[in-house]
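Report on one structure; see the data block that follows.
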Amino acid sequence: MTTDGTADVFARLRACRIVPVVKLPNAGCAKGLGQALLRAGVPCVEVTFRSAAAEEAITILSELPGLLVGAGTIRSVDQARAAERAGARFIVSPGLREDVVSYALGRGLPVSPGVCTPGEVERALDLGVRVLKFFPAESFGGVGTLKALGAVYPEVPFMPTRGIKADWIALVDGWRA
């Protein structure tokens, strides 16, 4: 994957506006979930690596035409490798793991690590990351913190996760991808 591919993936995620984050109890429900998302007009999904079914579920979901599938809760390079092998087109981590970021960027795999402080934002930018997950959003000040970070880092698109309210969508839509 190239840098252009990374930009394309993030542009597609932005177009989705909402990225469903799912923890699947088993891979048997993956295809039905993917088909339901596509029928509902939601062409993207993030499958968390918080269950043993994640890798197989990503493989199944990645076979559905038109569905952009990513892997979430990536906390190690081994998980990033497994996600990529399964067909994940992007990875998301709950925190800023430099080894995971370096692996992903080295492979051209779009990555969005979790950050919640200016120091973490600065470090992620220094590593070459351009789209950041704001996590856990509600616990770290919600929309007020997101507005403050956005004022200081207007070039950085944030993907807020955990505790999102409907009125946040307009705020996030105002930032560039």
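For segment 99-163, the dipole from Cβ point charges (+1 on Lys and Arg, -1 on Asp and Glu) about the Cα centre works out to 160 debye, to the nearest 20. Separation of segment 74-150 from segment 5-50 is 17 Å, based on Cα centroids. Considering only V152, V100, V129, the Gaussian network model of the chain with Cα springs below 10 Å gives its largest mean-square fluctuation to V152. The Stokes-Einstein estimate for segment 43-143, based on a Kirkwood radius over Cα pairs and taken at 25 °C with 0.890 mPa s viscosity, is a diffusion coefficient of 180 µm²/s.
Put simply, the amide H of M159, placed in the peptide plane, has neighbours under 5 Å in L132, K133, F134, leaving out anything fewer than 5 places away on its chain. Mean-square fluctuations from a GNM of the chain, with a 10 angstrom spring cutoff on Cα atoms, peak among A15, A30, A104 at A15. The calculated 222 nm mean residue ellipticity attributable to helices in the chain amounts to -13500 deg cm²/dmol, summing -39500 (n - 2.57) over DSSP H runs of n ≥ 4 and dividing by all residues.
Pick from R97, R50, R39: which residue has the top mean-square fluctuation in a GNM of the chain where Cα pairs under 10 Å get a spring? Looking only at R97, R50, R39, the largest GNM fluctuation is found for R39.
Quantify, in whole percent, the carbon and sulfur part of the accessible surface of the chain (1.4 Å probe; protein heavy atoms only). Within the chain, the accessible surface is 54 percent carbon and sulfur. Recomputing volume of the Cα convex hull per residue in Å³ from the coordinates shown identifies the correct label among [x] 121; [y] 167; [z] 104 as [z].
The values are calculated or read from the model by the stated rules, or taken from the named source; none is laboratory data. Since we're looking at a predicted model, the values are computed, not measured. So basically every Cβ, Gly included, is an ideal-geometry build from the backbone, and we count neighbours across all protein chains shown. Heavy atoms of the whole protein, side chains included, go into the accessibility calculation; ligands, DNA and RNA do not. Shrake-Rupley method; radii C 1.70, N 1.55, O 1.52, S 1.80 Å.
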